[in-house]
Amino acid sequence: MGTEMTKGSDHGSGHWMLMQYTSAGALITCAYLVISFLLLPDLGYATLTGWLGGLGPSFAVGLLIVAVFWHARLGLQVLVEDYVADPGRRFAAVLALNLAAFAGGAFGILCLIRIGTGAA
Amino acid sequence: MATRPLSPHLTIWKWGPAMLVSILHRVSGDGLAFVGLPVLLWWLGALASGPEAYATFAGWMWADLGALEWSGAAILTSALLVVLKLVTIGLSWAFFNHLCSGLRHFVMDAGAGYELDTNKRWSIMTTAGGIVLTAAFWAVLVLL
């Protein structure tokens, strides 16, 4: 996953390869979500919770969350490395980015579980 | 000032389609990360919290523009709701734009498409593709 201490570009092809993998994952799962939006009869609460309560859609959107948050973490790391020159500030920015990306993804998965179990 | 030809430099450049694709890839990607992901989590959180929470989410991000009031203090809220609706549509453009320019990255990372005329043609196609897909998505969603 690159590292927090140094730049992704210091680690050969690792960051770049993960960018390819996560973009392919995001491409497939986002295509699934967009097509689902178009095929669902409406985007109301009952329709969406009924749909996301199913195992297949829940699994696919779970994978989407992992792919897009990982992909965003990698992409924003490049942004930080391009515009934050000071090593200390860069470390702080990438640290905050890692915490936010992990927390965001975890919250998304938790929401899926609650929708699936009808805890709402 | 030297009359001989000068090397390209930071101050000597003009806009081209490839530059536009490049900056729009960053703009749309960072927009999706900073705005799109929070909205995605709000959407999922609202769905996990019940019908009232989902109505609140939908009411802010996809307001019924015909029902807005344009008098007194309500003007500020109405203006915000119009902006948020544009944000929602803008996020769909950011997604389709980033998708198209990301596919261009796949091709170029494989070592293809660097000839000047090919590169220029696909840069234009990429930018146009994001707009066309956005329009097609909303047309199908709203009209069909």
If unit charges are put on Cβ atoms (+1 for Lys and Arg, -1 for Asp and Glu) and the dipole of chain A is taken about its Cα centre, the option from A:G54, A:L64, A:A101 lying farthest towards the positive end turns out to be A:G54
Convex hull volume per residue for chain B, taking Cα atoms only, in Å³: 198
Between B:A128 and B:L65, with labels modelled 7 Å along Cα→Cβ, what's the label distance in nm to one decimal, could you check? 2.7
Choice from B:A46, B:A73, B:A33 showing the highest fluctuation, given a GNM over chain B with Cα pairs closer than 10 Å: B:A73
Taking the Cα centre of the protein assembly as shown as origin and charging only Cβ (+1 Lys, Arg; -1 Asp, Glu), how large is the dipole, in debye to the nearest 20? 440
Once phi is turned into θ = phi - 60°, what whole-Hz ³J(HN,Hα) does the Karplus curve with 6.51, -1.76 and 1.60 give for every residue of the range B:57-67, x standing for Gly and Pro? 4, 5, x, 7, 7, 9, 5, 7, 5, x, 9
So how far apart, in nm, are the two label points at B:M108 and B:L141 if each is 7 Å from Cα heading toward Cβ? 2.8
Here the gain from full extension of B:A58 to B:S22, 0.36 nm per residue of separation minus their alpha-carbon distance, amounts to 9.7 nm
With a cap of 15 neighbouring Cβ atoms within 10 Å, and only residues DSSP puts in a loop, list the trypsin sites (Lys or Arg not before Pro) found in the range B:4-95. B:K14
Using the beta-carbon distance between B:I12 and A:T117 and R0 = 41 Å, what value does 1/(1 + (r/R0)^6) give for FRET efficiency, to the nearest 0.05? 0.10
Could you give the length gained on full extension between B:V82 and B:R4, defined as 0.36 nm per residue of separation minus the Cα-Cα distance, in nm? 22.6 nm
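Here, each number is a calculation from the coordinates, and none is a lab measurement. Please read all numbers here as calculations on a predicted model, not as lab measurements. Please note: Cβ atoms are built from the backbone with ideal geometry, for glycine as well, and neighbour counts cover all protein chains shown.
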